[in-house]
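As structure tokens, the structure follows; a few thoughts come after it.
The values are calculated or read from the model by the stated rules, or taken from the named source; none is laboratory data. Note that the structure is a prediction, hence the values are computed from the model and not measured. As a convention, Cβ positions derive from the backbone with ideal geometry for all residues, glycine included, and neighbour counts pool all protein chains shown.
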């Protein structure tokens, strides 16, 4: 498996991976898959901010991707990011997500961010919760029934990981 920075040419497989999660899971609360052009715009926005956007590739095929984006846009949140990681169906539980998230954590620390937030759709997402816990995230809370997808109310789990010195020093 090769981990590398995402490029605009990676958008079609990224969109395909994400579309599967939109249509079949609760990792995202989007209900209709965004177009390739919309996904390209999202990638370019992350890149324009100088934030990490990584893909995992195996035998020339993108099998997962992840990125970090601002947690919130108000200025006081400027040292806090939110991660997103998605793995192609059939490639879960093979270390792809862990490799991507590990690189995101490292890169965000190098960029001097101080907190990384995971907003995990569905409190039953044991794999995602476990992945984040293995990489130093702690559960910060659960927002009950904040989404409605697939005919039912869905929670989100908030997890948080300090980066670098975290809140132990001024930025």
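Here is how the numbers come out for the structure above:
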item	result
Members of the range 123-138 that are in a helix (DSSP H, G or I) and farther than 14 Å from residue 100 by Cα	126, 127, 129, 130, 133
Residues that are in contact with a strand residue (DSSP E or B) (Cβ under 8 Å, 6 or more places away or on another chain), farther than 19 Å from residue 22 by Cα and touching a residue at least 24 places away in the same chain (Cβ under 8 Å), drawn from the range 123-139	131, 132, 133, 135, 136, 137
Any chance residue 78 is closer than 24 Å to residue 102 by Cβ, surrounded by fewer than 20 Cβ atoms within 10 Å (Cβ to Cβ) and either touching a residue at least 40 places away in the same chain (Cβ under 8 Å) or over 14 Å from the mean Cα position of the chain (by Cα) (or both)	yes
Among residues of the range 82-91, those that are surrounded by 14 or more Cβ atoms within 10 Å (Cβ to Cβ) and out of contact with any helix residue (DSSP H, G or I) (no Cβ under 6 Å at 6 or more places or on another chain), counted	3
Matching option when the condition is touching a strand residue (DSSP E or B) at 6+ places or on another chain (Cβ under 9 Å), part of a helix (DSSP H, G or I), in contact (Cβ under 8 Å) with a residue 60 or more places away in the chain and closer than 27 Å to residue 32 by Cα, among 120, 100	100
Residues within the range 35-59 that are outside any strand (DSSP E or B) and either surrounded by 16 or more Cβ atoms within 10 Å (Cβ to Cβ) or at pLDDT below 95 (or both), tallied	8
Hey, residue 156 touching a residue at least 12 places away in the same chain (Cβ under 8 Å) and either over 23 Å from residue 17 (Cα atoms) or surrounded by fewer than 19 Cβ atoms within 10 Å (Cβ to Cβ) (or both) or not	no
Index of the failed condition, residue 142 passing every other in (1) more than 25 Å from residue 14 (Cα to Cα); (2) touching a residue at least 60 places away in the same chain (Cβ under 8 Å); (3) in contact with a strand residue (DSSP E or B) (Cβ under 6 Å, 6 or more places away or on another chain)	(2)
Which listed residue, of 73, 23, 2, is without any contact (Cβ under 8 Å) to a residue 60 or more places away in the chain, surrounded by fewer than 19 Cβ atoms within 10 Å (Cβ to Cβ), over 16 Å from the mean Cα position of the chain (by Cα) and closer than 24 Å to residue 113 by Cα	73
The listed residue being in a helix (DSSP H, G or I), touching a helix residue (DSSP H, G or I) at 6+ places or on another chain (Cβ under 7 Å), crowded, with 20+ Cβ neighbours inside 10 Å and modelled with pLDDT of 95 or more, out of 67, 18	18
